[in-house]
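Right, one structure below, let's go through it.
The values are calculated or read from the model by the stated rules, or taken from the named source; none is laboratory data. Here the structure is a predicted model, which means the values were calculated and not measured. Glycine also receives a Cβ, built like all others from the backbone with ideal geometry; neighbour counts cover every protein chain displayed.
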Amino acid sequence: MYLEHGWKDGHPEGPERLNTIMEQLEGDKLLGRLKRIAPVELERKWIEKIHDDDYLTELKTACLNGSSYIHSLDNQLCPASYSIALHAAGGVSEAIKAVMEGHVKNAFCAVRPPGHHAMRNRAMGFCFINNVAVGVRFLQEQYNIEKVLVVDWDLHHGNGTQAAFYNDPDVLFFSLHQFPFYPGSGHASETGEGPGVGFTVNVPMSPGKEDADYLQVFEDCLTPRALEFDPEFILISAGFDAHEKDPLGRMNLTREGFRKMSQIVCAIAQEKCKGRIVSVLEGGYDMQGLAESASAHVQTLIEMPLDPPHFNPESSEKTAVS
Ligand SMILES: [Zn+2]
């Protein structure tokens, strides 16, 4: 179903993104080690935790009326896009359910459309419904989880997710992203408001950064802050558009960088939340870069031990670039 969303040929956020990931997982002999989880169309009451009712009606109507886009030409629609977007959020909620009920140890959601730019009342940057933000509220209300860490390593700032939890001290939103760049937000001075001050962490990165630069942020900024926050669950906004081949970005990450970033988040999850991670696809527009990076990420999730040795910050250099 996720392959059916979209309209014009040539839009970077196309169905071939998922096909190439699936082919790579098969080629890397990972597909057979995965349990597939079928998505559901998530009930609108959950979507409304993050998005205005009026906006959802506008989106649904635009699709039913055959509009080719909403709010901006970036956000192309087909008649089924509303239902597909509800299924993307529903893929995440089903993955959360599977992890919380012990059917899988963690999950990667190969969903379209992506979500992290979607605002309460506005589609942005190929995103319509904020899959990760809806997932946070689903976790909290369905499973009595209180504290959730969201790690957003997409090339772009996750403005929609930041906005959803900007005054919420129960959700630590950690984003590193090319800056200044689309969507314009994500300055280091954006740290939250009211009771949420300190629970938004933005690490703007100038173009040209490499694996070692990202890993240093993961070691020096993310790890200590995340351990201090003590999350009960981790969601990853896993974009792969910081890959060196990506046509939209100017970062120089490789699949090995994504592998090591994944290992660090796994170590935090093992230490703090029984390894509970649901990772959700966001961007990534070079087909080979996307596929090989997503595959390294999934392999790391597969191979994460269930009963890890305790995380030892003193030995963290084993995950750093040497
Ligand atoms: Zn992106």
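Remarks
- One residue from GLU23, GLU13 being touching a Pro at 6+ places or on another chain (Cβ under 8 Å), closer than 20 Å to GLY283 by Cα and modelled with pLDDT of 95 or more: GLU13
- Only one of the numbered conditions (1) buried (at least 19 other Cβ atoms within 10 Å of the Cβ); (2) among the small types (Gly, Ala, Ser); (3) touching a Phe, Trp or Tyr at 6+ places or on another chain (Cβ under 8 Å) is not met by SER206, and that is (1).
- Residue check, ARG225 within 16 Å of the chain's Cα centre (by Cα) and assigned to a helix (DSSP H, G or I): no
- Lone unmet requirement of (1) touching a Phe, Trp or Tyr at 6+ places or on another chain (Cβ under 9 Å); (2) within 16 Å of the ligand (Cβ to nearest atom); (3) not polar (S, T, N, Q) for VAL92: (2)
- Identity of the residue in the range 246-265, of a type outside the set (A, V, I, L, M, F, W, C) and within 14 Å of the ligand (Cβ to nearest atom), that ends up surrounded by the most Cβ atoms within 10 Å (Cβ to Cβ): GLY249
- Any hit, the range 89-103, residues being surrounded by fewer than 23 Cβ atoms within 10 Å (Cβ to Cβ), closer than 30 Å to ILE268 by Cβ, among the charged types (D, E, K, R) and free of Cβ contacts under 8 Å to residues at least 40 places away in the same chain: yes
- Reported count of residues in the range 167-226, each being closer than 20 Å to ILE264 by Cβ and among the small types (Gly, Ala, Ser), is 3.
- Some residue of the range 65-82 being in contact with a Cys (Cβ under 7 Å, 6 or more places away or on another chain) and either within 21 Å of HIS297 (Cβ to Cβ) or not in a loop (DSSP other than H, G, I, E, B) (or both): yes
- Strands (runs of 3 or more DSSP E) wholly inside the range 107-213 containing at least 1 residues that are of a type in the set (Phe, Trp, Tyr) and within 16 Å of the ligand (Cβ to nearest atom): 171-178
- Taken together, MET287, MET261 contain a single residue that is more than 19 Å from LEU31 (Cβ to Cβ) and out of contact with any Cys (no Cβ under 9 Å at 6 or more places or on another chain), which is MET261.
- Scanning the range 10-64 for residues that are touching a residue at least 40 places away in the same chain (Cβ under 8 Å) and in a loop (DSSP other than H, G, I, E, B) yields a total of 18.
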